[in-house]
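**Q** First the structure, then my questions, so here it is.
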Amino acid sequence: MPKDETVERPTKRTEHRIVFATRQAQRGWRDLRATALNAMADAWDALTRDPEANNPTCHPLRGDLGTITVDGVAHVRRQYELPGGARIWFYVTPGRPGTVHLTDVHTHHPNATK
């Protein structure tokens, strides 16, 4: 057993799981986690508990950005806003629990939504 290996946060059976849908999302998550750890922990909690909440922090994107098609299936693309302009873009697939697919993680406010 490797010494000091990080323990992954367990999720409850009712919580959504989070997966990386793109390499960009994986890199962005790593970079954002390095600079905004507390905000990322809050984002994790929100995205595992209720990723489809509609409030000033978490909501669907508008216009052309509001839909993403994956394997021929259209999904609502949503945004979670972090302090300082960082954004997490994702879509949710249903299930018990569902899955949150991270498509883009921006360390600053993305130009596409300015």
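**Q** Quickly run through the stretch 10-42 and pick out the residues that are exposed (fewer than 10 other Cβ atoms within 10 Å of the Cβ) and not in a helix (DSSP H, G or I).
**A** Within the stretch 10-42, P10, K12, R13, T14 meet the criteria.
**Q** May I ask you to list the residues in the stretch 12-25 that are under 11 Å from the mean Cα position of the chain (by Cα) and closer than 13 Å to H106 by Cβ?
**A** A25 - this is the single residue of the stretch 12-25 that is under 11 Å from the mean Cα position of the chain (by Cα) and closer than 13 Å to H106 by Cβ.
**Q** Go through (1) touching an Asp or Glu at 6+ places or on another chain (Cβ under 8 Å); (2) under 21 Å from G95 (Cβ atoms); (3) not in a helix (DSSP H, G or I) and name the single condition E52 misses.
**A** Only one criterion in (1) touching an Asp or Glu at 6+ places or on another chain (Cβ under 8 Å); (2) under 21 Å from G95 (Cβ atoms); (3) not in a helix (DSSP H, G or I) is unmet by E52, namely (1).
**Q** Which residue out of E52, E81 is of a type in the set (D, E), under 13 Å from the mean Cα position of the chain (by Cα) and open to solvent by less than 70 Å² (accessible area, probe 1.4 Å)?
**A** Numbers: E52 fails: open to solvent by less than 70 Å² (accessible area, probe 1.4 Å).
Only one candidate qualifies: E81.
**Q** How about the stretch 55-74: which of its residues are surrounded by 12 or more Cβ atoms within 10 Å (Cβ to Cβ) and in contact with a His (Cβ under 8 Å, 6 or more places away or on another chain)?
**A** The initial filter retains those residues of the stretch 55-74 that are surrounded by 12 or more Cβ atoms within 10 Å (Cβ to Cβ), namely 57-61, 65-68, 70.
Within the stretch 55-74, T67, I68, V70 meet the criteria.
**Q** Another question, if that's okay. Scan (1) modelled with pLDDT of 95 or more; (2) in a loop (DSSP other than H, G, I, E, B); (3) surrounded by 14 or more Cβ atoms within 10 Å (Cβ to Cβ) for the single condition Y91 breaks and write down its number.
**A** Y91 satisfies every listed condition except (2).
**Q** Return yes when P97 is touching a residue at least 60 places away in the same chain (Cβ under 8 Å), open to solvent by 20 Å² or more (accessible area, probe 1.4 Å), part of a loop (DSSP other than H, G, I, E, B) and not β-branched (V, I, T) and no when it is not.
**A** Details: touching a residue at least 60 places away in the same chain (Cβ under 8 Å): yes; open to solvent by 20 Å² or more (accessible area, probe 1.4 Å): yes; part of a loop (DSSP other than H, G, I, E, B): yes; not β-branched (V, I, T): yes.
When the stated conditions are applied, P97 passes them.
**Q** Within the stretch 65-81, does at least one residue satisfy the condition of being under 17 Å from A41 (Cα atoms) and touching a Leu at 6+ places or on another chain (Cβ under 8 Å)?
**A** To start, the set of residues in the stretch 65-81 that are under 17 Å from A41 (Cα atoms) comprises 79-81.
From the residues that got through so far, the ones that are touching a Leu at 6+ places or on another chain (Cβ under 8 Å) too are 79-80.
The answer is yes; a qualifying residue exists.
The values are calculated or read from the model by the stated rules, or taken from the named source; none is laboratory data. Predicted, not measured: the structure shown is a model, and the values here were computed from it. With ideal geometry, Cβ positions are generated from the backbone for all residues, glycine too; neighbour counts draw on all protein chains shown. Accessible surface areas use protein heavy atoms only, side chains included; no ligands, DNA or RNA. Shrake-Rupley method; radii C 1.70, N 1.55, O 1.52, S 1.80 Å.
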